[in-house]
Amino acid sequence: MLVTGASSGIGRATAVLCAGMGAAVWLTGRDPVRLQATLDSLPGAGHGQYVADLTDEAARNALVDSLPALDGCVFCAGAVELVPARLVSEKHLNDMMQINFNVPVLLTQRLLARKRVRDDASLVYVTAVAERIAPVATSMYSAAKAALTAYVRTLALEHAKRRIRANCVSPGYVATPMLTALASTADMQDKLDLTPLGTIEPSDVAHGIGYLLAPASRWVTRSSLLIDGGLSLPMR
């Protein structure tokens with residue numbers, strides 16, 4: 001099992017859940033201290049880590065070459081920066097697309113090309129409810145997540161003969177370091193108040209991911225599991 005973005009948030013919660021279910025988990029992330037903390041928290045044995053900046057092609061290739069054949073992959077790495085549409089620069093566009101779209105797409109391509117994905121494997125991509133509700137100042141982030149969802153649908157179709165499933169999990173506002181960073185630059189409370197069930201915990205999203213990885217979801221593919229506490233319902 002491979003989990004990207006495993007040093008914190010949804011990635012860390014997913015790694016802990018999968019290890020608790022008996023999986024041997026390979027972790028990757030950019031921060032060696034936090035990645036080691038995740039590794040130390042995993043129950044069971046057979047786990048490993050690979051510190052890498054996945055925006056770098058050589059690092060992606062080295063990661064893939066170090067991996068065994070995988071029964072599951074979870075692509076959690078992502079980033080968001082609030083920029084109004086009238087202020088979008090080429091750099092901002094490239095930054096948002098690079099980490100949120102290019103990295104999971106190119107990493108998937110390499111995993112498939114190097115035959116690191118077993119038949120019957122499950123691939124899960126963390127997108128965001130932003131692709132549906134498109135909050136203000138998230139145009140490029142929302143666009144990148146929407147593009148990833150479209151890519152996953154085609155990916156699943158192309159590899160269905162090998163019974164490789166590909167799905168998305170689309171979370172709402174989750175209590176992660178990313179949300180904390182956003183709250184330090186913008187007032188998020190009015191947006192958080194729109195979620196009927198309140199702020200979501202990383203472990204809640206991890207359980208949704210765990211379902212998509214498990215045999216219980218063997219007939220689920222080309223789908224997006226919305227975990228947003230009711231945020232995207234037209235309530236107001």
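Taking the range 144-169 as the range and being in a helix (DSSP H, G or I), buried (at least 16 other Cβ atoms within 10 Å of the Cβ) and either of a type in the set (A, V, I, L, M, F, W, C) or touching a Ser or Thr at 6+ places or on another chain (Cβ under 8 Å) (or both) as the test, the residues that pass are A144, K145, A146, A147, L148, T149, V152, L155, A156. Only one of the numbered conditions (1) free of Cβ contacts under 8 Å to residues at least 40 places away in the same chain; (2) of a type in the set (S, T, N, Q); (3) under 19 Å from A113 (Cα atoms) is not met by N61, and that is (1).
For the range 69-83, the set of residues classified as farther than 18 Å from S8 by Cβ and either of a type in the set (D, E) or in contact with a strand residue (DSSP E or B) (Cβ under 8 Å, 6 or more places away or on another chain) (or both) consists of A69, L70, D71, G72, C73, listed by residue number. Just so you know, in the range 1-44 the residues that are in contact (Cβ under 8 Å) with a residue 60 or more places away in the chain and among the β-branched types (V, I, T) include one that is nearest to P68 (Cα to Cα), and it is V3.
If a residue counts only when it is farther than 22 Å from L155 by Cβ, which helices (runs of 4 or more DSSP H) contained entirely in the range 28-143 have at least 3 such residues?
32-41, 57-66, 90-97
Taking the listed residues G29, G11, the one that is within 17 Å of V103 (Cα to Cα), touching a Cys at 6+ places or on another chain (Cβ under 6 Å) and crowded, with 16+ Cβ neighbours inside 10 Å is G11, with no other qualifying.
A short reminder: the numbers here are calculations on the coordinates, not readings from a lab. Computed from a predicted structure; not experimentally measured. Glycine also receives a Cβ, built like all others from the backbone with ideal geometry; neighbour counts cover every protein chain displayed.
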